[in-house]
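The values are calculated or read from the model by the stated rules, or taken from the named source; none is laboratory data. These numbers were taken from a predicted model, which means no experiment stands behind them. Glycine also receives a Cβ, built like all others from the backbone with ideal geometry; neighbour counts cover every protein chain displayed.
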Amino acid sequence: MICVVIKGPSFQEAHEQISKALAHADLVELCLTYFTTLDLDALKVLRSRFSIPMIFTLRNPTQSEIHSLLELRPEYLDWELV
């Protein structure tokens with residue numbers, strides 16, 4: 001299984017990166033920590049445009065960010081507990 005890391009930092013750039021990754025990846029990891037903003041509406045649109053499984057990765061998220069990300073129903077959610 002191949003996972004391609006997507007770092008944005010914008011949602012437009014992430015869209016382009018995912019499009020390129022589709023030829024090689026079984027899933028993608030969206031490293032949301034590297035994005036300039038955590039725009040949940042843009043993330044929802046991005047998620048709806050691709051059927052490839054996604055991991056949302058966020059370092060040191062707040063409780064509200066975790067719940068908001070879970071509402072988008074990623075296949076996986078990776079966050080760091082410190």
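Cβ-Cβ contacts under 6 Å between residues 6 or more apart (or on different chains), taken from a first residue in segment 50-65 that is of a type in the set (D, E, K, R) and part of a strand (DSSP E or B) to a second residue that is surrounded by 14 or more Cβ atoms within 10 Å (Cβ to Cβ) and at pLDDT 85 or above, are listed as R59/T33. Looking only at residues of segment 46-77 that are hydroxyl-bearing (S, T, Y) and within 23 Å of K20 (Cβ to Cβ), we find that the one that is surrounded by the most Cβ atoms within 10 Å (Cβ to Cβ) is T57. What about L43, is it part of a helix (DSSP H, G or I) and either touching a Ser or Thr at 6+ places or on another chain (Cβ under 7 Å) or surrounded by 11 or more Cβ atoms within 10 Å (Cβ to Cβ) (or both)? It is true that L43 is part of a helix (DSSP H, G or I) and either touching a Ser or Thr at 6+ places or on another chain (Cβ under 7 Å) or surrounded by 11 or more Cβ atoms within 10 Å (Cβ to Cβ) (or both). Residues in segment 15-36 that are surrounded by fewer than 18 Cβ atoms within 10 Å (Cβ to Cβ) and either in contact with a Lys or Arg (Cβ under 8 Å, 6 or more places away or on another chain) or part of a helix (DSSP H, G or I) (or both): H15, E16, Q17, S19, K20, T33, Y34.
Residues in segment 66-82 that are among the polar types (S, T, N, Q) and either within 19 Å of P9 (Cα to Cα) or not in a helix (DSSP H, G or I) (or both): there are none.
With respect to being free of Cβ contacts under 8 Å to residues at least 12 places away in the same chain and exposed (fewer than 14 other Cβ atoms within 10 Å of the Cβ), E80 falls outside the description.
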